[in-house]
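Encoded as structure tokens, the structure appears first; notes follow it.
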Amino acid sequence: MSTKLQKQNQWIANYYFRLFELTKVSLHEISKIVEPEYKERKVERHTLKEYIEFLGTDAAAELFGCPVATVKSWRYGHRQPTVKQAKLIIKATGGKLDFESIYGPVDEIEA
């Protein structure tokens, strides 16, 4: 791998390593109280759009506690949830969605 490519990817390696380490600590703490429900299942990342399509717009609006028009604007990419809305979505989906599911992978940023 070229030095330039390594430098370009170093930040993403650092980001995911840090996220992994912090997640291990958080999971260890919360596991004292409750265990994850679906440890035996394969973990897949789904986008907010895919999740809304799976549930249906009306059901997603009810689950997320927001108007149908708002959910449609998220589904079609006209708007994105606020950080507060994203946190509520993560909680409402039982952790099936995360910030990258909602806003996209962190390595998709443009330089």
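The values are calculated or read from the model by the stated rules, or taken from the named source; none is laboratory data. The shown structure was predicted, so the numbers you read here are calculated from the model rather than taken from an experiment. No Cβ is skipped: glycine too gets one built from the backbone with ideal geometry, and neighbour counts run over all protein chains shown.
Here is a list: Lys32, Lys24. Which entry is exposed (fewer than 12 other Cβ atoms within 10 Å of the Cβ), among the charged types (D, E, K, R), assigned to a loop (DSSP other than H, G, I, E, B) and modelled with pLDDT of 85 or more?
The conditions single out Lys32.
What is the one condition in (1) out of contact with any helix residue (DSSP H, G or I) (no Cβ under 7 Å at 6 or more places or on another chain); (2) surrounded by 10 or more Cβ atoms within 10 Å (Cβ to Cβ); (3) modelled with pLDDT under 95 that Glu40 does not satisfy?
Of everything listed in (1) out of contact with any helix residue (DSSP H, G or I) (no Cβ under 7 Å at 6 or more places or on another chain); (2) surrounded by 10 or more Cβ atoms within 10 Å (Cβ to Cβ); (3) modelled with pLDDT under 95, Glu40 misses just condition (2).
Could you list, in sequence order, the residues of the range 91-111 that are without any contact (Cβ under 8 Å) to a residue 40 or more places away in the chain and either in a helix (DSSP H, G or I) or in contact with a Gly (Cβ under 8 Å, 6 or more places away or on another chain) (or both)?
Those that are without any contact (Cβ under 8 Å) to a residue 40 or more places away in the chain and either in a helix (DSSP H, G or I) or in contact with a Gly (Cβ under 8 Å, 6 or more places away or on another chain) (or both): Lys91, Ala92, Phe99, Tyr103, Glu108.
Taking only pairs six or more apart or across chains, which ones have beta-carbon atoms under 6 Å, a first residue in the range 1-27 that is within 16 Å of Glu100 (Cα to Cα), and a second residue that is among the acidic types (Asp, Glu) and part of a helix (DSSP H, G or I)?
Ile12/Asp107
Test Lys24 against the criterion of being outside the structural domain of Ile90 (by TED's automatic domain parsing) and either touching an Asp or Glu at 6+ places or on another chain (Cβ under 8 Å) or under 18 Å from Asp107 (Cβ atoms) (or both), and give yes or no.
Details: outside the structural domain of Ile90 (by TED's automatic domain parsing): yes; either touching an Asp or Glu at 6+ places or on another chain (Cβ under 8 Å) or under 18 Å from Asp107 (Cβ atoms) (or both): no.
No: the conditions fail for Lys24.
Quick test of your reading of the structure: Leu88 fulfils all but one of (1) of a type outside the set (D, E, K, R); (2) surrounded by fewer than 10 Cβ atoms within 10 Å (Cβ to Cβ); (3) part of a helix (DSSP H, G or I). Name the failing condition by number.
Of (1) of a type outside the set (D, E, K, R); (2) surrounded by fewer than 10 Cβ atoms within 10 Å (Cβ to Cβ); (3) part of a helix (DSSP H, G or I), only one is false for Leu88: (2).
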